[in-house]
Amino acid sequence: MDVILIPGFWLDASSWQEVTPLLEEAGHRVHPLTLPGLESVDADRSGIDLRDHIDAVVGVVDGLEGQVVLVGHSGGGAIAHGVADARPDRIARVVYVDAGPQADGDPINDELPVVDGEIPLPDWSDFEDADLVDLDDALRAAFRARAIPEPTGVAYDGIELRDERRYDVPVTIIACEFPSSALTEWIAAGSPFTRELAKVKHVDYVDLPTGHWPQFTKPVQLGQVIAAAIG
């Protein structure tokens, strides 16, 4: 199976480097992506928006044959959902890593602070404690050293969804910073946060307790869980 790995905010393809070998050992063809504007700290991010990131991944899907699996971490989950909306017949499964599908019109995160027209990795104090579980000082330093500012439009734009066949695409949620039981409770309560997930017809949940960046804190376990989800 072709597996497309979509990084979350501030990260490029290299963020998957400890996960990729596990998937290759399972026999998959793995395509970790660097999205537009995330090529380097000095890249031109002006004018790049959420649609540009979705279209970039759609272009990768269109360049492959047959069914593909999308894996989206954090903000990359919304991008994966946008791709499933654009190419529902081509996506065998979407695996959300501490993420979930965004509802039509919702931004990924329009509260992140913008500095000089882009969104740098915020101070650690701006994150919730649950985000930072297992992210020790060495991992934090390595993350910050590799972090690339996120294009503002990617975080602030409302996602545009058009094809309800996206709800037919099977989904796996890998729950890290909060348990999957919380997600199911929010769905049952009609939470706005989970209103799009509630419409997906086939959802599997897997708990991988750690912080928001399991590709750094528990990469082997994450690779194993993704491989098992793909089957």
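The values are calculated or read from the model by the stated rules, or taken from the named source; none is laboratory data. Just so you know, these numbers come straight off a predicted model, no measurement behind them. Here the Cβ positions follow ideal geometry from the backbone for every residue, glycine too, while neighbour counts run over all protein chains shown. In case anyone asks, the SASA skips ligands and DNA or RNA and just uses the protein heavy atoms, side chains included. Shrake-Rupley method; radii C 1.70, N 1.55, O 1.52, S 1.80 Å.
Residue ranges 186-196, 220-230, 19-29, 168-178 sort as 168-178, 220-230, 19-29, 186-196 when ordered by packing (mean number of other C-beta atoms within 10 Å per residue, highest first). In this rough spin-label picture, where each label sits 7 Å from Cα along the Cβ direction, the Glu111-Arg162 distance is 3.2 nm.
For the chain, the solvent-accessible area works out to 43 Å² per residue, with a probe of 1.4 Å and every protein chain left in place. Using a simple spin-label model with pseudo-atoms 7 Å out from Cα toward Cβ, Asp55 and Leu139 lie 3.6 nm apart. For the stretch 71-151, the ratio of Cα radius of gyration to the globular rule of thumb 2.2 N^0.38 Å stands at 1.27.
For the stretch 37-79, what does the alpha-carbon gyration tensor say about shape, rounded, prolate or oblate, given a ≥ b ≥ c as the root eigenvalues, a/c under 1.5 as rounded, and a/b over b/c as prolate? Intermediate results must be reported in sequence, preceding the final value.
Numbers: a/c = 2.27, a/b = 1.75, b/c = 1.29.
Here the stretch 37-79 falls in the prolate category.
Might you report the magnitude of the Cβ-based charge dipole of the stretch 59-112 about its Cα centre, with Lys and Arg at +1 and Asp and Glu at -1, to the nearest 20 debye? Please list the in-between numbers first.
Details: 3 positive and 9 negative charges, 56 e Å.
Magnitude of the dipole: close to 280 debye.
With charges only on Cβ, +1 for K and R and -1 for D and E, what is the dipole size of the stretch 165-217 about its Cα centre, in debye, rounded to 20? If you can, show how the numbers build up before the last one.
Working: 5 positive and 6 negative charges, 63 e Å.
Magnitude of the dipole: close to 300 debye.
Towards the positive end of the charge dipole of the chain, with charges on Cβ (+1 Lys, Arg; -1 Asp, Glu), say which of Met1, Trp124, Ile108 has the farthest Cα. Most positive-ward Cα: Met1. Spin-label model, Glu65/Asp204: points 7 Å from Cα along the beta carbon direction are separated by 2.6 nm.
On the accessible surface of the chain, probed at 1.4 Å, how many percent belong to carbon and sulfur atoms? Walk me through the intermediate numbers first.
Values: 4800 of 9920 Å².
Carbon with sulfur: 48 percent of the solvent-accessible area.
Working ranking of peptides 57-65, 2-10 by packing, defined as the average number of other Cβ atoms within 10 Å per residue, highest first, is 2-10, 57-65.
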